[in-house]
1. Tally Lys/Arg at +1 and Asp/Glu at -1 over every other residue whose Cβ is under 14 Å from the Cβ of N50; what's the total?
2. Tell me which residues come under 5 Å, amide H to amide H, from F155 once H is placed; ignore anything under 5 positions away on its chain.
3. With the chain treated as a Gaussian network of Cα nodes joined by springs under 10 Å, which of T72, T29, T168 yields the largest mean-square fluctuation?
4. Using helices alone, I'd like the mean residue ellipticity at 222 nm for the chain: each DSSP H run of four-plus residues gives -39500 (n - 2.57), total over residue count, nearest 500.
5. Quick one: among D181, D135, D158, which has the greatest mean-square fluctuation in a GNM of the chain with alpha-carbon springs under 10 angstrom?
6. Report the net charge of residues surrounding L78, where surrounding means a beta-carbon distance below 15 angstrom and charges are Lys +1, Arg +1, Asp -1, Glu -1.
7. To check my understanding: the extent here is largest minus smallest coordinate of the Cα atoms along each principal axis. What are those three numbers for the chain, in Å, largest first?
8. Using only the alpha carbons of segment 88-168, what is the convex hull's orientation-averaged projected area in square nanometres?
Amino acid sequence: MKAVSVEEAVAMIPSGASVMVGGFMGVGTPERLLDELVRQNKAGLSLICNDAATPGKGVGKLFDAALVSKLTATHIGLNPKAQQQMLGNQISVDLVPQGTFVERIRAGGCGLGGVLTPTGVGTLVAEGKRQIEVDGKPFLLETAIRAQFALIHAFLADYLGNLAYALTARNFNPIMAMAADTVIVAAEHIVPVGVIAPDHVVTPAPLVDYIIANG
């Protein structure tokens, strides 16, 4: 793990990269990293996140700046700009049921090829997907999701890179930290090793590549 400035961290992300961003409607989203993505104008991003947030908040800032080319998410209903860009064919959108979404990311983090789920069987969701029968019941094979980068928000990080989260801001962050080639963390507080009790560590240090220095 290495501590870097937010400018240095975002400079490592090329335009067109696949990027996972933690958060749920902006809660638990690394805002400083998103602000810097906008400032450095990293365009053509393949964005993987739970939702499109709202204009001016969370990943909504990326749609405000028209930096997204592809979105994989569970819903976009509260962001009219994302909806307009989808309807105008400015972005492609892959909407995934939320449980399926998180399990596909978990599979990516665990080195699995995918998951079997009954969700979507017999609906439009099943189109073009392999269907597998288990004990007489049909399941869809949903492939694993990984990304080149994961942008993570944590409440606490220690000097090694161990992370702890606060309440609902935890959401998708720990899962996404497992499923990306490079993990960049913005933590509210950076503390000495030992301040986070071992049984309170949610994301262990070996998963973290960079932490944004405070200030």
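1. Numbers: positive: K57, R104, R106, R170; negative: D51, D94, E103.
Surrounding charge for N50 is +1.
2. Under 5 Å from the amide H of F155: A164, Y165, A166, E188.
3. Most flexible of the set in this elastic network: T168.
4. Working: 6 runs with 45 residues, N = 215.
The per-residue figure over the chain is -5500 deg cm²/dmol.
5. D135
6. On the way: positive: K57, K61, K81; negative: D51, D64.
Result for the neighbourhood of L78: +1.
7. 53, 42, 27
8. Working: hull surface 34.6 nm².
Directional mean of the projected Cα hull area for segment 88-168 stands at 8.7 nm².
The values are calculated or read from the model by the stated rules, or taken from the named source; none is laboratory data. All values reported here derive from a predicted model rather than from experimental measurement. In this analysis, Cβ positions are derived from the backbone assuming ideal geometry, glycine residues included, and neighbour counts consider all displayed protein chains. The protein model used for the area step is the full one, side chains on, heavy atoms only, and it has no ligands, DNA or RNA in it. Shrake-Rupley method; radii C 1.70, N 1.55, O 1.52, S 1.80 Å.
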